[in-house]
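The values are calculated or read from the model by the stated rules, or taken from the named source; none is laboratory data. Everything quoted here is computed from the prediction, not taken from an experiment. Using ideal geometry, Cβ is built from the backbone for each residue, glycine included, and neighbour counts are taken over all protein chains shown.
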There are 2 protein chains.
Amino acid sequence: MAAPTRTPAPQPIIIAVEPFGGSIRNHSPLLPLVYWDDAAVTRGDGVFETLLLRKGKPCLIDEHLRRFQRSAKLLDLPEPNADDWRKATAMAAEQWAEKTEQDAKLVWTYTRGRPTRDPQQPHPTAWLSVTAIDDAVLRQREEGVKVLSAPRGYVLHTEGEEEGARALPWLKVGAKTLNYATNMAALRWAHDQGYDDVIFTEGEKVLEGATSTVITVRGNKLRTPLAEGILAGTTQAAVFAHAEAQGWNCKAKPMDLEYLCHKADSVWLLSSVRMATRVRRINDVKLAKPDNEAELRALFQEALGA
Amino acid sequence: MAAPTRTPAPQPIIIAVEPFGGSIRNHSPLLPLVYWDDAAVTRGDGVFETLLLRKGKPCLIDEHLRRFQRSAKLLDLPEPNADDWRKATAMAAEQWAEKTEQDAKLVWTYTRGRPTRDPQQPHPTAWLSVTAIDDAVLRQREEGVKVLSAPRGYVLHTEGEEEGARALPWLKVGAKTLNYATNMAALRWAHDQGYDDVIFTEGEKVLEGATSTVITVRGNKLRTPLAEGILAGTTQAAVFAHAEAQGWNCKAKPMDLEYLCHKADSVWLLSSVRMATRVRRINDVKLAKPDNEAELRALFQEALGA
């Protein structure tokens with residue numbers, strides 16, 4: 001008997017979103033979309049959001065829209081029109097549902113666009129894509145991940161540490177920009193050593209995953225690292241809001257690797273598409289499977305409305 | 001009498017370079033080139049070089065090729081084929097010379113490309129572009145620039161400062177990647193305050209410009225900041241090599257803003273296309289025009305073979 005084969009992934013969907021109330025239309029995924037002089041290509045100058053499309057619906061769309069608009073504002077981009085993005089997302093969800101019942105990854109991208117006569121008046125390039133979720137991601141949802149810890153390698157200035165350092169308006173901390181080359185390099189470095197993911201640290205402090213938020217569970221306590229210069233996680237926020245309402249004690253607190261490796265009952269990486277994956281190993285420390293794994297998974301899924 | 005009008009800029013030239021010895025061919029600048037899922041677009045995951053095309057010839061092509069290959073290696077990309085890039089650059093130079101005698105900006109871009117079945121075997125996307133030089137850049141070559149100093153906002157770890165921080169292989173310090181969103185934001189921040197450019201600092205230490213290398217002149221001494229985590233400048237290296245042979249004393253040394261503002265006879269920002277622009281003001285300190293400005297300009301131009 002032949003090995004069972006997975007249904008082939010459906011073709012991606014691309015929908016171009018004109019930035020100032022223009023058309024919202026499908027673009028063939030088989031054709032190039034972006035010009036050679038788009039700021040996304042020449043400078044990584046743009047922002048994005050990744051949403052989970054599950055059972056025909058986009059998860060946490062309000063939260064993603066808020067962060068998308070905040071990122072755009074931090075980068076001095078025109079405000080993305082929420083109605084247009086909702087409309088494009090609904091179109092995409094409907095088209096995907098016609099193809100398959102599989103979950104999908106839905107990405108919004110919004111760039112500074114091509115050079116304009118007046119650089120203060122950018123004309124953004126904007127589109128969304130829907131693609132099948134990688135097998136590795138689906139497997140990690142179920143099986144968890146092995147993680148290397150890695151110093152982020154730089155220390156952000158805190159306010160007022162040095163004259164002029166107070167504002168640092170060009171650092172754009174908190175914006176989800178397209179500048180992920182370093183994070184991708186950290187993931188390749190971990191993969192080369194047989195690990196699946198990375199948790200960044202600063203000194204003893206735990207920061208975040210390469211593309212995810214760290215949370216820990218201990219008794220009835222859910223914790224996420226409190227630290228400067230990490231991206232606010234939409235999935236983590238949704239999980240904490242829901243869990244708090246269910247009686248869990250949820251807080252952001254500074255934490256160290258020792259807490260992750262030896263004090264927490266379980267450690268999870270939260271992100272939109274992979275949802276929650278349990279950390280099974282950090283460096284050479286194996287983390288035991290917690291008794292309440294099924295309960296936690298159910299809690300996380302409910303939080304995502306998924 | 002009508003105001004004199006500048007000759008309209010010729011159409012850009014785009015030449016696609018297949019990464020593994022395939023075709024080298026023109027692509028219409030009027031059509032999109034890059035796919036929506038290219039790593040350059042989704043992650044800023046790629047490297048680039050910017051060359052000056054002057055009197056029909058690319059300047060410092062060997063130096064740019066070396067840095068291009070070093071950047072690619074740091075990012076675990078397949079080695080760019082030097083012969084192919086030389087051939088594409090010669091084609092581009094010839095095509096540009098048929099259009100105009102104007103200087104041009106020639107950019108090589110080399111990205112991780114679209115997702116492949118095996119992420120360890122990327123299939124890069126590669127092309128070069130030739131475009132007319134912005135009027136503002138031409139003006140700054142002649143008139144100099146007003147510069148704001150700006151703390152870079154983070155401190156890179158030095159080796160061995162913390163356990164595990166020794167290598168930091170994912171930081172890719174020294175690679176010229178497409179992750180320039182922060183530098184572009186710093187330039188916008190300076191422009192908003194009536195300045196033309198930015199010099200990054202760390203504490204008292206001077207680092208580099210947003211897209212240029214700082215050099216100073218004092219007597220017969222040429223200096224450039226010695227500091228960690230700054231990009232080795234091809235133009236600065238060429239200027240120092242040439243000037244050293246002419247009897248100047250050239251060194252990289254740690255320097256502070258005080259030196260730039262009050263000790264140096266003149267301060268310059270070097271980069272490929274703008275070449276050398278004199279810093280006329282740093283924050284609220286006006287820098288006087290040096291007596292030897294014409295001599296220095298001649299020195300810089302000779303160094304570039306331009």
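Any idea how many residues of region B:29-66 are under 20 Å from the mean Cα position of the chain (by Cα) and among the hydrophobic types (A, V, I, L, M, F, W, C)?
Summing the residues that are under 20 Å from the mean Cα position of the chain (by Cα) and among the hydrophobic types (A, V, I, L, M, F, W, C) in region B:29-66 gives 10.
I'd like to check something: does region B:151-171 contain any residue that is surrounded by fewer than 19 Cβ atoms within 10 Å (Cβ to Cβ), at pLDDT 95 or above and more than 16 Å from the chain's Cα centre (by Cα)?
No, region B:151-171 has no match at all.
This table checks each residue for (1) of a type outside the set (S, T, N, Q); (2) assigned by TED's automatic domain parsing to the domain that holds A:SER272; (3) touching an Asp or Glu at 6+ places or on another chain (Cβ under 6 Å).
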{"site": "A:VAL17", "(1), (2), (3)": "yes, no, yes"}
{"site": "A:GLY22", "(1), (2), (3)": "yes, no, no"}
{"site": "A:LEU31", "(1), (2), (3)": "yes, no, no"}
{"site": "A:ALA39", "(1), (2), (3)": "yes, no, yes"}
{"site": "A:GLY46", "(1), (2), (3)": "yes, no, no"}
{"site": "A:THR50", "(1), (2), (3)": "no, no, no"}
{"site": "A:PRO58", "(1), (2), (3)": "yes, no, no"}
{"site": "A:GLU63", "(1), (2), (3)": "yes, no, no"}
{"site": "A:PHE68", "(1), (2), (3)": "yes, no, yes"}
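Restricting to region A:292-306, give me the number of residues that are in contact (Cβ under 8 Å) with a residue 12 or more places away in the chain and under 22 Å from A:ASN220 (Cβ atoms). So that I can check it myself, show each step before the final result.
Of region A:292-306, the ones in contact (Cβ under 8 Å) with a residue 12 or more places away in the chain are A:292-293, A:296-297, A:299-306.
Keeping just the survivors that are under 22 Å from A:ASN220 (Cβ atoms) gives A:292-293, A:296-297, A:299-304.
Total satisfying the criteria: 10.
Within the group B:LEU60, B:LEU65, B:LEU52, which residue is at pLDDT 95 or above and closer than 17 Å to B:TRP127 by Cβ?
Selected residue: B:LEU65, the only one of B:LEU60, B:LEU65, B:LEU52 that is at pLDDT 95 or above and closer than 17 Å to B:TRP127 by Cβ.
Quick one: B:VAL217 ticks every box in (1) modelled with pLDDT under 95; (2) more than 14 Å from every other protein chain (Cβ to nearest Cβ); (3) buried (at least 21 other Cβ atoms within 10 Å of the Cβ) bar one, so which box is it?
Every listed condition holds for B:VAL217 apart from (1).
If I ask for residues that are out of contact with any helix residue (DSSP H, G or I) (no Cβ under 8 Å at 6 or more places or on another chain), modelled with pLDDT of 90 or more and not basic (Lys, Arg), which ones from region B:196-211 would you list?
B:LEU207, B:GLU208, B:GLY209
Quick check on my filter: what residues within region A:175-195 are at pLDDT below 90 and either charged (D, E, K, R) or touching a Cys at 6+ places or on another chain (Cβ under 7 Å) (or both)?
Across region A:175-195, the qualifying residue is only A:LYS176.
Name the strands (runs of 3 or more DSSP E) wholly inside region B:1-100 in which the number of residues that are crowded, with 21+ Cβ neighbours inside 10 Å and either of a type in the set (Ser, Thr, Tyr) or more than 14 Å from every other protein chain (Cβ to nearest Cβ) (or both) is 3 or more.
Details: elements: B:13-17, B:24-27, B:46-54.
Per the criteria, B:46-54.
Please enumerate the residues belonging to region A:106-129 that are closer than 19 Å to A:LEU60 by Cα, within 11 Å of chain B (Cβ to nearest Cβ) and either small (Gly, Ala, Ser) or touching a residue at least 60 places away in the same chain (Cβ under 8 Å) (or both). So that I can check it myself, show each step before the final result.
Residues of region A:106-129 closer than 19 Å to A:LEU60 by Cα: A:106-110, A:127-129.
Narrowing further to those that are within 11 Å of chain B (Cβ to nearest Cβ): A:107, A:109, A:127-129.
Selection gives A:THR109, A:TRP127, A:LEU128, A:SER129.
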